[in-house]
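Report on the structure given below.
The values are calculated or read from the model by the stated rules, or taken from the named source; none is laboratory data. Remember, predicted model here, so these are calculated numbers, not experimental data. When we count neighbours, we look across all protein chains shown, and the Cβ atoms used for this are built from the backbone with ideal geometry, even at glycine. Just so you know, the surface numbers come from the protein's heavy atoms only, side chains and all, with ligands and any DNA or RNA stripped out. Shrake-Rupley method; radii C 1.70, N 1.55, O 1.52, S 1.80 Å.
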Amino acid sequence: MVLRTPPCWTRAKIALSVSVIINLFLVALIGSHIWRVESQRRFDNPLAQALATAEHSLPPKDAKTFRQVIKSESSVFAGSAQRLASARHAVGQAISAEPYDPAAVSQSLNNWRSDWNQFFDVFRGPLVDALGAVSPEGRRKLIADRDATRKSMHETGFDP
């Protein structure tokens, strides 16, 4: 039996199909990499993580409103949030320094606590405003999700 070579147009169809499949695979691969990097960058910041968690718990309309209020008032707390992030970074630097300096670690923890208190004092207003813009159902869902998370953490033995 002699095998015939497929006509040119059949080869072209096969090549085009393979090319489309490879391109779709590459787009998915690149897209997932970009998403992963962006997610990691976003969640390196505990404030961003907490806000994203709150938005995830809220119904879509409430999440959008919450995000808009926080964003519109971000200039109120941005400087304080940056100082808090720097203080947190300094704690990590002090802990990992060689040789280990207990006094430096203690001081960096004190600075972090002080910056946290200042941040919370500044952020309280925008947070209260954002929660006030959310529907009563959305606020109840936030609390229910928070309680469920705490219960789950307690059951697994991680209860800070």
Amide H contacts under 5 Å for ALA133, placed H, 5+ residues apart: none
Label-to-label distance, nm, for residues given as ASP147 and VAL128 (7 Å Cα→Cβ offset): 2.4 nm
Sites GLU55 and THR10 - FRET efficiency at Förster radius 45 Å, r taken between beta-carbons, to 0.05: 0.30
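Counting only protein heavy atoms and a 1.4 Å probe, tell me what percentage of the range 46-160's accessible area is made up of carbon and sulfur. Walk me through the numbers before you get to the answer.
Working: 4500 of 7680 Å².
Carbon-and-sulfur percentage of accessible area, whole number: 59.
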Cα gyration tensor shape of the range 70-117, rounded if a/c is under 1.5, else prolate or oblate by comparing a/b with b/c: prolate
Potential lengthening between ARG113 and ARG139 on full extension [0.36 nm per residue; Cα-Cα distance subtracted]: 6.6 nm
GLU155 - accessible surface, heavy atoms, 1.4 Å probe, Å² rounded to 10: 130 Å²
